[in-house]
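Taking it in order: structure first as structure tokens, then the write-up.
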Amino acid sequence: MPATKSNPDALVSQLGQRRYQDVMVETASCDPPWRRALHAIALAGQGQIRSGIERARAALNQPLNPMTPAGVLATMGQVLLREGHPELARSWLEQAAALDPANAAVAAGIEHCRSPAYLPAETVDPVQRRTLRRYAPREGNRYIYTIDIVGTCNLRCPTCPVGNTPLDDRPRGFMDPALFDRILTKIVAESPHPDPQIWLFNWGEPLLHPELPRIVRSIRERGLESYLSSNLNVREKTLDALIAEDPTDLKISLSGASERTYEKTHVRGRFSVVERNMRVLRQCLDRHEASTRVWVGHHVYRHNRHELEDMANLCAELGFAHHPVPAFFQPLEALVQIAEGTYSGNPVLEDLIEHPKHYIERFRQVRDDRFDCELRFNQTIINHDGSVALCCSVYTRPNQLDIQFLDYPREAIEARKYGHSFCSTCYRHGLQYAPVKIHDVSHQDAERHSA
């Protein structure tokens, strides 16, 4: 039965695939009420959150046959959750559960919306002198330890601090495997979650580490999961030894599907090397029957967005997930300078889908400062020399905590993070990683988001 006439299931399926614009077109007549409800949900999915919620609530006051109120509530909740708004999604899902208690998908969604049970529901920020609420983390559903096992990178990407910030005051090198083992022992002993995620990267390229297979094996032997991110400009033999240890997750970070586009924003890299290694990686996964999840984080710029389909096709051929996302400028210190009008400039800013000065202004308006920052409450960042950073987004020496992870208990490290003055600067500009208020993005912002 055509979705455009009377098949709500087909339209709900399109919402699940994020085909919001298609649903908007197919429900443009907005009659009968169930079509108005799905039109409203698609509107929310495209960033018109306030308008979508208001219209969906109005539709719920009318007969929705052949849909049910529980179905509309569940669909709105799942779309809001999928688009990164679990605080908003939770009330919709809880209402759906009250009407349909047997719906397992709704129950799972509610669980995903809750703030982590392993952390207090709120905390006191001693610098801002106020209480902040915690919430469901976006980056991971468990506590994350980010261990930058390599204190450097082989590339110089202009949106990354390794490529756009002086390196003189940054320690460089490889983490000693013995030091890593001691750090891992301490993590197991004091992690707030019994099964934390272990990320082996921050600003460095982990596949440069000569002992990476041993490090991944150490994590697996302790029953934990290992997460990697690589530019894949590495030797082929590195991949076979790594995949033999069956890491949990490997992200391939790239910014183009041709030499011309790739070399512009993955400076010093070669797309031909990446493409060859992607194919070698597929062979390694098959040979070792590894369960490693491999996906491509495709950084989208103005100059390379025409190649999205090419990379999607390559990923489909190799069985890798493809996740395009607008390129984001880092480090956080540079974003603060842009917000304060003191940044000297960088040509790559004009190649971004959205200039930082625009999204910083939007963040200022919509970030809900009643909430704590996830990069603070759900992560600990450890540099290759065992020192601790304030968060994963900072780079300069003043924003390191000047302590060794092994020398301080977790409570003392948390106190150092929450007592650091840079966090209040971050909050002042709306750059904290926290939920947003209910709002509608502009049509221009929606286009940037969809790009």
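The values are calculated or read from the model by the stated rules, or taken from the named source; none is laboratory data. Bear in mind the structure is a predicted one, so any value in this text is a computation, not a measurement. Every residue, glycine as well, gets a Cβ built from its backbone with ideal geometry; the counts of neighbours run over all protein chains shown. SASA here: full protein model, heavy atoms, side chains in, ligands and nucleic acids out. Shrake-Rupley method; radii C 1.70, N 1.55, O 1.52, S 1.80 Å.
The order of the peptides 123-133, 66-76, 272-282 by mean Cβ neighbours within 10 Å, most packed first, is 66-76, 272-282, 123-133. Average accessible surface for the chain: 44 Å² per residue, computed with a 1.4 Å probe over protein heavy atoms with every protein chain in place. Subtracting the Cα-Cα distance of LYS357 and SER344 from their residue separation scaled by 0.36 nm leaves 3.4 nm. Relative to the Cα centre, the charge distribution of the chain, modelled as +1 at Lys and Arg Cβ and -1 at Asp and Glu Cβ, gives a dipole magnitude of about 500 debye. Between helix 356-366 and the chain, what is the angle of the helix's C-alpha long axis to the longest principal axis, kept within 0 to 90° and rounded to the nearest 10? Rounded to the nearest ten degrees, it is 60. Ellipsoid semi-axes for the chain, based on the Cα gyration tensor and the rule √(5λ), read 37, 27, 23 Å when sorted largest first. Relative to the longest principal axis of the Cα atoms of the chain, helix 69-82 runs at roughly 20 degrees.
When a/c is below 1.5 the answer is rounded, else prolate if a/b is larger than b/c, else oblate, so apply that to region 35-88 with a ≥ b ≥ c taken from the square roots of the Cα gyration tensor eigenvalues. Prolate is the answer for region 35-88, as a/c is 1.5 or above and a/b outweighs b/c.
Among the cysteines of the chain, those whose beta-carbon sits 4.7 Å or more from every other cysteine beta-carbon are CYS30, CYS113, CYS153, CYS284, CYS315, CYS373, CYS391, CYS392, CYS423, CYS426.
Where does region 96-146 land on Rg/Rh, using Cα atoms and the Kirkwood Rh?
Values: Rg = 14.8 Å, Rh = 13.2 Å.
Using only Cα positions, Rg/Rh for region 96-146 is 1.13.
Beta bridges assigned by DSSP with both partners in the chain are antiparallel in approximately 30 percent of cases. Taking a straight line from the alpha carbon of LYS251, these lysines sit under 19 Å away, with near neighbours fewer than eight places off in the same chain left out: LYS237. The protection proxy used here, the mean number of other Cβ atoms lying within 10 Å of each residue, ranks peptides 14-24, 283-293, 386-396 as follows, highest first: 386-396, 14-24, 283-293.
Using a/c under 1.5 as the rounded threshold, could you call region 319-451 rounded, prolate or oblate? The axes a ≥ b ≥ c are square roots of the C-alpha gyration tensor eigenvalues, and prolate needs a/b larger than b/c, oblate otherwise. Verdict is prolate for region 319-451.
Nonpolar atom fraction for region 321-360, defined as the carbon and sulfur part of the 1.4 Å probe accessible area, stands at 54 percent.
Region 1-76 and region 392-419 have Cα centres separated by 47 Å. Rounded, prolate or oblate: which one fits region 316-378, using the alpha carbon gyration tensor with axes a ≥ b ≥ c (rounded when a/c is under 1.5, else prolate when a/b beats b/c, else oblate)? Oblate, since a/c reaches 1.5 and b/c is not below a/b. Scaled against the 2.2 N^0.38 Å expected of a compact globular protein of N residues, the Cα radius of gyration of region 27-142 reads 1.21.
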